[in-house]
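Following: one structure in structure tokens, then a few remarks.
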Amino acid sequence: MAQSPYRVTPARIGNSSGLRLPASFYRDHPQFNGASGQIEVLSDRTLLLHLEPAQPALDEAEDESLMLGLFLDFLTREALSAADGPVLYSEAMAADDEELLAGVVVDLDTPAPQE
């Protein structure tokens, strides 16, 4: 990640004092718009500002949604173009899946079964 220095200026906000970040900071890093955080004093002349974005970046969510959509389109196309057509999910297939997944913990909050 490239480091970009941003000039911070003092600001009066009501009865409080604050620091104003330039608009270019929020243009370059929109995930921090509206974020809250903490300031840690490292020395008499150095502060560490830690901001936590309120929401994940929309680009990541859009990318995941696009990839899922493309994958599902691929599966649909493959199923419909199969020589025998789509295969219906049967009770026998479900039993095979249950046997294959026996002992696999899917939810991290659920403890693994003891053997």
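What to note about this one:
- Enumeration of residues in the stretch 1-22 that are open to solvent by 70 Å² or more (accessible area, probe 1.4 Å) and either part of a helix (DSSP H, G or I) or in contact with a strand residue (DSSP E or B) (Cβ under 7 Å, 6 or more places away or on another chain) (or both): P10, S17, L19, R20
- Number of residues in the stretch 77-96 that are open to solvent by less than 100 Å² (accessible area, probe 1.4 Å), assigned to a helix (DSSP H, G or I) and either at pLDDT below 85 or under 30 Å from Q31 (Cα atoms) (or both): the value is 3.
- Residue-level analysis places R20 among those that are within 21 Å of S4 (Cα to Cα) and either without any contact (Cβ under 8 Å) to a residue 24 or more places away in the chain or of a type in the set (S, T, N, Q) (or both).
- Only one entry in F25, F74 is open to solvent by 80 Å² or more (accessible area, probe 1.4 Å) and either modelled with pLDDT of 85 or more or part of a strand (DSSP E or B) (or both), namely F74.
The values are calculated or read from the model by the stated rules, or taken from the named source; none is laboratory data. Model, not experiment: these values are computed from the prediction. In this analysis, Cβ positions are derived from the backbone assuming ideal geometry, glycine residues included, and neighbour counts consider all displayed protein chains. For accessibility, only protein heavy atoms count, side chains too; no ligands or nucleic acids. Shrake-Rupley method; radii C 1.70, N 1.55, O 1.52, S 1.80 Å.
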